[in-house]
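The values are calculated or read from the model by the stated rules, or taken from the named source; none is laboratory data. Fair warning: this is a prediction, and the values are worked out from it, not measured in the lab. FYI the Cβ positions are ideal-geometry reconstructions off the backbone, even for glycines, and counts take in every protein chain you see.
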Amino acid sequence: MSFEERFDLLRRRVGLVLAPLLFAFILSADFESLADKPAAHRLAAVMSAVVVLWVTEAIPMPLTALLGATACVLLQVAPEKPNPPLSPTSPVNVVFGPYADQLMFLFIGSFMLARAIELHQLDRRLALSVLTLRAVGGSPSRLLFAFGAVTAFISAWISNTATTAMMFAIGLSILKVLRDDGKGQIDPRFATGMMLMTSFSASIGGLATPIGTPPNVIGLKAISLNVPGVEVTFFEWCLIGVPVVVLLYLFLFAYLNWFCPAGVKELAGGREYLLRQRAELGPWTRGQISTLIAFSVMVVLWIAPGVIALSLGEKSAAYRWCKISLPEAVPALLGAGLLFLLPGRKGRAVLTWPEATQIDWGVVLLYGGGFAFGTLAQETGLADVIGKNMIGWLPNAGTFSFLIAATLVATLVSEATSNTASANIVVPVVITMATAAGVDPLEPALGATLGCSLGFMLPVSTPCNAIVYGSGMVPLSRMIRYGVLLDIAGTIFIVAVVKVLGGLVR
């Protein structure tokens with residue numbers, strides 16, 4: 001059993017013991033700040049156990065979210081039914097309503113698109129099309145840059161893990177050809193650089209769009225719930241996320257290119273192998289063309305409100321119509337619908353229902369549970385209590401100090417647990433702390449949301465890291481060393497971009 005496997009086993013066992021103990025302790029303890037808030041007290045006990053189970057992954061995270069929501073009803077954090085009936089502020093709506101939030105449908109639609117992209121190998125065609133460009137040629141530096149850029153772009157639209165798995169296979173194939181045909185002239189450090197580029201650029205690329213990685217959606221929901229008057233659109237998120245991705249990717253390439261040289265100016269056999277791989281794909285299929293059409297419809301409708309706002313103004317009738325009629329979930333579902341109508345292979349549609357149901361429903365349920373806890377914390381007053389108790393940690397802090405602290409804490413937490421769990425844990429607390437201190441919570445919330453995707457140091461930090469570490473080409477010491485550099489740079493870039501461009505999302 002490897003070190004990582006032993007660590008995971010120990011972590012799960014600790015979680016199974018610690019979660020119920022912490023739940024019992026908090027439920028039975030006498031907290032003065034919760035004396036007049038019994039529902040918040042019980043919610044604190046449930047959420048403490050949920051956080052431990054999320055961090056340790058003692059049981060599957062989606063199941064933890066569902067059991068936590070169920071426990072809220074069992075412990076009467078929320079009553080069995082609305083009182084008065086059909087009250088829009090009823091705690092029952094608070095518990096179960098988030099499972100029907102429009103952001104849930106955004107991800108269902110985008111997951112179906114990602115499924116079609118993978119089934120019809122549109123992602124592989126894109127990757128090989130870029131990697132075989134004449135501008136890339138046989139230069140190891142240009143190959144590394146193009147390889148990482150394609151990975152980051154694909155990861156902005158489909159799962160970071162799925163992107164890493166696909167590009168990992170392509171990267172291994174390239175390295176095998178270079179070893180076989182390169183007459184042993186390739187520096188082993190280049191293989192390390194290729195593997196780390198696969199993982200790191202996939203994690204970075206997910207920051208570009210709201211659907212690129214789960215923490216983005218969780219952060220957006222927390223902001224819409226808890227920051228009055230702010231509803232960050234797809235286009236507005238990209239105004240922040242894309243500059244962060246560009247800066248961080250350029251930094252990643254610069255230091256991997258420097259620390260992981262190939263040792264040669266030209267790579268023998270590399271481009272020829274990729275050209276053969278591209279040729280094997282054959283001409284564009286109907287499924288690929290149809291998938292690209294559905295994808296284009298989604299993207300156009302997602303960015304249309306922002307473009308109209310910039311050209312005609314936010315007071316124009318066209319923008320008001322888009323704002324009301326085109327929330328992010330609508331383009332996602334329209335695009336997903338097209339996948340069942342446009343032609344695919346052998347007389348079938350691009351996507352069949354059995355294929356569509358193979359999306360990651362566990363992640364969808366996890367989102368719903370996270371949204372429910374965030375809403376319950378606000379409704380019961382628990383979030384306000386947490387914020388007021390924790391604000392003493394940052395005396396006399398302003399918006400900029402909160403932004404730095406929020407981004408840094410989110411980055412550190414993401415090293416120890418999954419990015420999704422980090423966002424569920426950190427972002428709501430950051431918002432409540434900032435609000436309790438009388439500070440505008442928008443910038444700290446954006447910083448925390450982006451920071452939750454900066455887990456680069458350890459194989460256990462993200463599935464992307466675990467995949468490339470399994471290649472045997474990435475020594476743990478190098479992953480830690482290069483990951484620390486990227487964590488530091490990422491924190492700096494996020495703080496700078498959010499501070500400069502954060503006002504664009506209001």
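A compact table of results
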read-out: Scope region 193-209; condition of a type outside the set (G, A, S), within 19 Å of A448 (Cβ to Cβ) and buried (at least 24 other Cβ atoms within 10 Å of the Cβ); matching residues; value: I204, L207
read-out: Boolean, A489 is in a helix (DSSP H, G or I) and more than 23 Å from S173 (Cα to Cα); value: yes
read-out: Those residues of region 22-45 which are outside any helix (DSSP H, G or I) and exposed (fewer than 13 other Cβ atoms within 10 Å of the Cβ), in sequence order; value: A29, D30, A35, D36
read-out: Residue identified as touching a Gly at 6+ places or on another chain (Cβ under 9 Å), modelled with pLDDT of 80 or more, surrounded by fewer than 24 Cβ atoms within 10 Å (Cβ to Cβ) and not polar (S, T, N, Q) among L365, L403, L446, L412; value: L412
read-out: Single residue of region 407-447 satisfying the filter (outside any helix (DSSP H, G or I) and either among the polar types (S, T, N, Q) or under 11 Å from P215 (Cβ atoms) (or both)) that is nearest to the chain's Cα centre (by Cα); value: S418
read-out: Qualifying residue in region 310-328 (condition: acidic (D, E), in contact (Cβ under 8 Å) with a residue 12 or more places away in the chain, part of a helix (DSSP H, G or I) and surrounded by 15 or more Cβ atoms within 10 Å (Cβ to Cβ)); value: no
read-out: Residue match in region 156-174 (condition: within 22 Å of the chain's Cα centre (by Cα), of a type in the set (A, V, I, L, M) and modelled with pLDDT of 85 or more); value: yes
read-out: Of all residues in region 231-262 being surrounded by fewer than 21 Cβ atoms within 10 Å (Cβ to Cβ) and not in a helix (DSSP H, G or I), the one that is farthest from the chain's Cα centre (by Cα); value: P261
read-out: Residues located in region 218-229, provided they are surrounded by 18 or more Cβ atoms within 10 Å (Cβ to Cβ) and either outside any helix (DSSP H, G or I) or not assigned by TED's automatic domain parsing to the domain that holds L207 (or both); value: V227
